[in-house]
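Reading through the structure tokens given below for one structure.
Every number in this text was worked out from the coordinates using simple rules, so none of it is lab data. Model, not experiment: these values are computed from the prediction. No Cβ is skipped: glycine too gets one built from the backbone with ideal geometry, and neighbour counts run over all protein chains shown.
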Amino acid sequence: MAQVLCHLPKIHDPKLLVGLETSDDAAVYKLDDETALVQTLDFFTPIVDDPYMYGQIAAANSLSDVYAMGGQPLLAMNIACFPNCFSQEVLTEILKGGAEKIREAGALLVGGHTVEDNEPKYGLSVTGIVHPDKVISNAMAKPGDQLILTKPLGMGILNTALKADLLSKSQIEKVMMIMATLNNVAADGMKKFGASACTDITGFGLLGHAYEMAKASKVSMKIDHRIIPTIDNAVEYGKMGLVPAGAYANRKYVAEHVRFDDKVPQHMQDILFDPQTSGGLLISLPKDQVDSLLNYYRRHLSVDFAVIGEVMEKDEASIYVL
């Protein structure tokens, strides 16, 4: 997508605080000295069989972009593509799941649009608000900051195992719970303790999104693969080679910008490139605030999180994986 967007006309407007240039999670437009709009859109095909959970996961994924910018979701509109050969009850369950997550986020569902398509697709267009001086973009990571990941990796690999009918009921429930978890608590913490920069980890995987943050911020990053939180059994299935095609596309996208230590095993490289669905936030935070944020997350966050690396001065590569 980035290769396509670079061909579009550049927009120069002093009120557009965040646009296309930094491959950020959402656009931010200043209305006045107190309020800026955060605008985003996302949708995708089903990744689980349960239509209600699919709706929850897709909605959580769409809402995440607003949280990543430091904003609060305000309004949401459904985007749905649906085959006419499917029961309308399935679509109803998808929309119910999405509506539940919108309600949990404190936002309002105000409409949407549905078109006929051969394959179901669902997501949201979300409008949020943020103070113009409190926008958290992906372009402000600073050398010396610590990198915090707020959800475990491995969702793409687990979804591949799910398609191969390898997951137990409890494993399926665990991965669905993680994907459906909103990033609101993670975002509240990063705002409370002064994050420098943030992005959410979705289709480009950890290394793809970390690269975009490093590039936008004109820095490099060091990531320790040994302390990356992973979903139960993701390492096991990664060793088995159950790696989605998107992981190979992500590797190709950023390969020339990443340097791996010889001790990083292949399965962990695959996990770092693994495309995530409704993944966590990658937060760049001043070092003196890390302990406070971690204590906050221990009290309030329901999923695994960890400090996974640090920001460095710009070097030859954008990302170094130890």
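Starting with the highest mean, order 269-279, 298-308, 211-221, 56-66 by the number of other Cβ atoms within 10 Å, averaged over the residues of each peptide. Numbers along the way, then the final one.
On the way: 269-279: 25.5, 298-308: 15.5, 211-221: 22.4, 56-66: 29.2.
Averaged packing, sorted descending, gives the order 56-66, 269-279, 211-221, 298-308.
Of all beta bridges DSSP finds with both residues in the chain, what is the antiparallel percent, to the nearest 5? Mind dumping the intermediate values first?
Details: 40 of 54 bridges.
Roughly 75 percent of the DSSP beta bridges within the chain come out antiparallel.
So what is the calculated 222 nm ellipticity per residue for the chain, using -39500 (n - 2.57) for each DSSP H run with n of 4 or more, over all residues, to the nearest 500 deg cm²/dmol? Walk me through the intermediate numbers first.
On the way: 11 runs with 117 residues, N = 322.
It lands at -11000 deg cm²/dmol.
In region 26-93, which chymotrypsin sites (Phe, Trp or Tyr not before Pro) fall in coil by DSSP and have 14 or fewer other Cβ atoms within 10 Å?
Filter output for region 26-93: 86.
Given the Cα-Cα distance of residue 236 and residue 256 and 0.36 nm per residue of separation, how much length would full extension add, in nm?
Working: separation 20, 0.36 × 20 = 7.20 nm, distance 2.74 nm.
Separation in residues times 0.36 nm, less the Cα-Cα distance, equals 4.5 nm.
Over all Cα pairs of region 146-321, how is the pair count split among 5 Å bins, expressed in % and running from 0 up to the last occupied bin?
That works out to 1, 9, 19, 22, 21, 15, 10, 3, 1, 0, in percent per bin.
When only alpha-carbon atoms are used, what values of Rg and Dmax, in angstrom, describe the chain?
18.8, 57
Obtain the nm distance between the two label points defined at residue 89 and residue 32 by a simple spin-label model: each point lies 7 Å from its Cα along the Cα-to-C-beta direction.
With each label point 7 Å from Cα toward Cβ, the separation is 5.0 nm.
Test of understanding: extend the Cα→C-beta vector of residue 134 to 7 Å, then name every residue of region 68-107 with backbone N under 18 Å from that spot.
Residues passing the 18 Å test: 68-75, 105-107.
Would you work out the relative contact order for the chain, in percent, from Cα pairs under 8 angstrom that are 6 or more residues apart? Show your work: numbers first, answer last.
Numbers: 741 pairs, mean separation 75.9, N = 322.
Over the chain, the number comes to 24 percent.
So for region 83-236, taking the charge dipole from beta-carbon charges (+1 Lys/Arg, -1 Asp/Glu), which of 130, 105, 176 sits furthest toward the positive end?
After comparing all options, I get 130.
If Lys and Arg each add +1 and Asp and Glu each add -1, what is the summed charge of the other residues whose beta carbon sits under 14 Å from the beta carbon of residue 238?
Working: positive: 239, 251; negative: 232, 236, 270, 274.
Value of the local net charge: -2.
For residue 20 and residue 263 in the same chain, what is the full-extension length gain: residue separation times 0.36 nm, less their Cα-Cα distance, in nm?
That pair, residue 20 and residue 263, stretches by 83.8 nm at full extension.
Determine, from the Cβ-Cβ distance of residue 169 and residue 118 and an R0 of 51 Å, the FRET efficiency 1/(1 + (r/R0)^6), rounded to the nearest 0.05. Please list the in-between numbers first.
Working: r = 30 Å, r/R0 = 0.59.
For residue 169 and residue 118, the calculated efficiency is 0.95.
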